[in-house]
Amino acid sequence: MRNKTFHSLLYFLAFWLFVGLSFILTNINTLDSSMHTKLFEAMPHSGVTHEVTAVLLNFRALDTLLEVGVILLSLIAIHALEPNFRYTPLSFENTITNTFVAILFPLIALYAFYILYSGSYQSGGAFSASALLAGGIIILRLVKPRSFFVPKELILRFLYVSGLFYFVCVGMISLFFGSFLEYRDYIASFYIISIESVLMLSLGAILSAYFINAVQRVKP
Amino acid sequence: MLLIDTLLLVLLLWLGFKITFTKDHFNAIIHFIVFGMILALAWVRLGAFDLALAEIALGAGITGALLLDTITFLKKIGREDA
């Protein structure tokens with residue numbers, strides 16, 4: 001059985017990977033403390049008061065840009081798979097779930113906006129907000145499949161790309177005043193909030209499209 | 001607090017083991033969703049609240065829904081082994 005030997009080899013490798021990772025983890029003392037002082041020195045110029053948001057969207061904004069690119073790329077891969085089946089809703093509408101979702105979905109959307117806004121001074125931000133929004137849209141899709149409104153494909157595609165597009169645009173604008181994606185003080189606050197708002201809508205559309213497009217696309 | 005941390009760690013390892021070795025795929029998916037939620041609790045214990053939120057919404061919610069939909073579709077087209 002070749003399959004069986006392959007599996008046992010896989011388990012063996014996974015076990016040794018686990019052992020190695022545990023060994024590395026026990027040997028980490030603490031993070032380099034010079035990073036901490038550097039971070040706190042730069043915090044007043046970052047435009048936000050929460051450290052994670054400052055690192056994600058100001059100091060290491062290029063990483064976040066590429067992350068958004070990866071998410072968009074995975075959606076393009078899903079589009080390219082061409083599932084040639086017609087999605088038939090599994091659930092049937094009934095009063096209980098309809099009423100429940102009618103109350104729940106506005107709350108989820110409101111909470112997503114709150115998380116987005118509060119990301120500037122506490123934990124939160126665009127990624128968590130977009131995940132919440134996408135979850136809400138998926139619940140809506142599952143419970144009310146027939147009355148679910150899907151915008152035109154062209155508008156949707158524009159929405160998918162808008163997050164990355166706006167991010168790159170901001171990078172280009174900041175190129176005139178310094179280097180790529182480097183902004184400071186008062187303008188940084190505006191840039192970060194606007195990037196996060198666009199990212200939330202765009203990533204929310206992408207993440208919900210993972211679910212909806214993968215099961216709803218019909219052959220043209 | 002140490003008790004809670006140990007409990008979370010043991011639970012995570014056990015759930016990971018169950019996900020890998022359960023023969024029934026539906027069972028494995030349910031374990032995966034629970035794994036995501038416990039992992040979110042672990043993130044909260046580590047002080048990373050934004051990660052915990054993203055883990056709940058993405059790891060447990062969206063991935064779980066996608067996997068459940070996939071297994072329903074596979075059963076519908078007659079791949080009972082899937």
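A count restricted to the stretch A:63-92 and to residues that are surrounded by fewer than 11 Cβ atoms within 10 Å (Cβ to Cβ) and at pLDDT below 60 stands at 4. Out of A:Val143, A:Val170, one residue alone is within 14 Å of chain B (Cβ to nearest Cβ), farther than 17 Å from A:Phe127 by Cα and free of Cβ contacts under 8 Å to residues at least 60 places away in the same chain. It is A:Val143.
Yes/no matrix, rows are residues, columns are (1) of a type in the set (Asp, Glu); (2) buried (at least 23 other Cβ atoms within 10 Å of the Cβ); (3) out of contact with any His (no Cβ under 8 Å at 6 or more places or on another chain); (4) modelled with pLDDT of 90 or more:
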site	(1), (2), (3), (4)
A:Ala102	no, no, yes, no
A:Ile115	no, yes, yes, no
A:Gly119	no, yes, no, no
A:Ser128	no, yes, yes, no
A:Gly135	no, yes, yes, no
A:Ile139	no, no, yes, no
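So for the stretch B:16-31 (the condition being touching a Phe, Trp or Tyr at 6+ places or on another chain (Cβ under 7 Å) and on the phi < 0 side of the Ramachandran plot), does at least one residue qualify? So far as the stretch B:16-31 goes, yes, one or more of its residues are touching a Phe, Trp or Tyr at 6+ places or on another chain (Cβ under 7 Å) and on the phi < 0 side of the Ramachandran plot. Selection over the stretch A:21-67 of residues that are of a type in the set (A, V, I, L, M, F, W, C) and within 14 Å of chain B (Cβ to nearest Cβ) gives a count of 10.
Considering the conditions (1) surrounded by fewer than 17 Cβ atoms within 10 Å (Cβ to Cβ); (2) over 30 Å from A:Leu116 (Cα atoms), B:Leu15 is excluded by exactly one of them, (1).
If you go through the stretch A:150-165, how many residues are surrounded by fewer than 19 Cβ atoms within 10 Å (Cβ to Cβ) and assigned to a helix (DSSP H, G or I)? Count: 10.
For the stretch B:18-43, which positions are among the β-branched types (Val, Ile, Thr) and surrounded by 15 or more Cβ atoms within 10 Å (Cβ to Cβ)? If the condition is that a residue be among the β-branched types (Val, Ile, Thr) and surrounded by 15 or more Cβ atoms within 10 Å (Cβ to Cβ), then B:Ile19, B:Thr22, B:Ile29, B:Ile30, B:Ile33, B:Val34, B:Ile38 are the ones that fit. At least 2 residues being more than 29 Å from A:Leu132 (Cβ to Cβ) is the threshold, and among the helices (runs of 4 or more DSSP H) wholly inside chain B those reaching it are B:2-21, B:63-76. Restrict the check to the stretch B:19-27 and report whether at least one residue is without any contact (Cβ under 8 Å) to a residue 40 or more places away in the chain, of a type in the set (D, E, K, R) and touching a helix residue (DSSP H, G or I) at 6+ places or on another chain (Cβ under 7 Å). No - not one qualifying residue is present in the stretch B:19-27. With B:Thr72, B:Thr22 as the choices, which residue is away from every other protein chain (no Cβ under 12 Å) and either more than 30 Å from A:Ser118 (Cβ to Cβ) or modelled with pLDDT under 90 (or both)? Answer to the selection: B:Thr22. Can you find even one residue in the stretch A:62-70 that is of a type in the set (S, T, N, Q), farther than 27 Å from A:Tyr160 by Cβ and touching a helix residue (DSSP H, G or I) at 6+ places or on another chain (Cβ under 7 Å)? No, the stretch A:62-70 contains no residue that is of a type in the set (S, T, N, Q), farther than 27 Å from A:Tyr160 by Cβ and touching a helix residue (DSSP H, G or I) at 6+ places or on another chain (Cβ under 7 Å). Of the candidates B:Ala40, B:Ala65, B:Ala52, the single residue that is touching a Leu at 6+ places or on another chain (Cβ under 9 Å), more than 27 Å from A:Tyr11 (Cβ to Cβ) and more than 11 Å from chain A (Cβ to nearest Cβ) is B:Ala40.
Every listed requirement among (1) over 17 Å from A:Leu72 (Cα atoms); (2) touching a residue at least 60 places away in the same chain (Cβ under 8 Å); (3) within 22 Å of the chain's Cα centre (by Cα) is met by A:Leu164 save one, (1). Taking the conditions (1) hydroxyl-bearing (Ser, Thr, Tyr); (2) modelled with pLDDT under 90; (3) assigned to a helix (DSSP H, G or I) in turn, A:Ser147 satisfies each one other than (3).
When B:Leu46 is tested against (1) within 13 Å of chain A (Cβ to nearest Cβ); (2) over 24 Å from A:Phe127 (Cβ atoms), only condition (2) is not met.
The values are calculated or read from the model by the stated rules, or taken from the named source; none is laboratory data. Just so it is clear, the model here is predicted, and its values are computed rather than measured. Don't worry about glycine lacking a Cβ; one is built from the backbone with ideal geometry, like all the others, and counts go over all protein chains shown.
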